[in-house]
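Trainee: Next up is a structure, given as C-alpha cells.
Values in this text are rule-based calculations from the coordinates and carry no lab data. Everything quoted here is computed from the prediction, not taken from an experiment. Because the Cβ atoms are built from the backbone with ideal geometry, glycine has one as well, and the counts that use them run over all protein chains shown.
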Amino acid sequence: MHLTKHTYAVWSSEPGGRLGSAAPVFVAKEVPLVGAFDGDGVVAGYTVAHGRDGVAERGVLVAEVPGGRAYAVVEEAGLLADAESRELVGQQVRLVSDGKVNVATW
C-alpha cells in the first residue's frame with residue numbers, strides 16, 4: 001500500500017535560514033511491521049473507506065502490537081459505524097489473522 005514512506009514539513013511565514021540548514025526537530029525511528037498476528041493491540045491510526053454510494057465499506061488500521069505494528073481491516077458494519085462516531089486512537093483491539101489478513105474487533 002501507500003504506507004511505506006512518510007515525510008512532513010513545517011512551513012512558516014518567518015524566514016528560517018538557508019535551505020537545508022535547519023536541524024530536524026524529530027526524526028522517526030523505524031518500527032518493524034508484524035505480519036500475521038493474533039492477540040491484543042492498541043490503535044495507532046485508522047481510516048474508514050467509503051464506496052461511491054457513501055456507505056462505509058472497510059476500515060484499515062495500524063495497531064501497536066508486541067514486536068512492532070500490524071495492519072488490520074475492519075469489515076463489520078457496526079464496528080465501522082462505531083469507528084466513525086468516536087476516536088479510536090488508543091483503543092485496545094483484538095487482531096485475528098487468517099494467514100493473509102489481520103481482522104480487528106473490539
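Trainee: By the scheme Lys and Arg +1, Asp and Glu -1, what is the net charge of all other residues having a beta-carbon under 14 Å from that of VAL34?
Mentor: -3
Trainee: Charges only on Cβ, +1 for Lys and Arg, -1 for Asp and Glu: so what's the dipole of the range 39-105 about the Cα centre, in debye to the nearest 20?
Mentor: For the range 39-105, the charge dipole is close to 180 debye.
Trainee: How large is the Rg to Rh ratio of the range 39-105 when both quantities use alpha carbon positions and Rh follows Kirkwood?
Mentor: Across the range 39-105, the Cα-based Rg/Rh ratio is 0.96.
Trainee: Show me 51-62, 68-79 ranked by packing, highest mean number of other Cβ atoms within 10 Å first.
Mentor: Going from most to least packed, we get 68-79, 51-62.
Trainee: Taking other Cβ within 10 Å of each residue's Cβ, how do VAL65, VAL42 sort, fewest first?
Mentor: Ranked by crowding around the Cβ, least crowded first: VAL42, VAL65.
Trainee: Same structure again: Among GLY99, TYR46, SER85, whose Cα sits farthest toward the positive end of the charge dipole of the range 39-105 (+1 at Cβ of Lys/Arg, -1 at Cβ of Asp/Glu, about the Cα centre)?
Mentor: Checking the options against the dipole of the range 39-105, the answer is GLY99.
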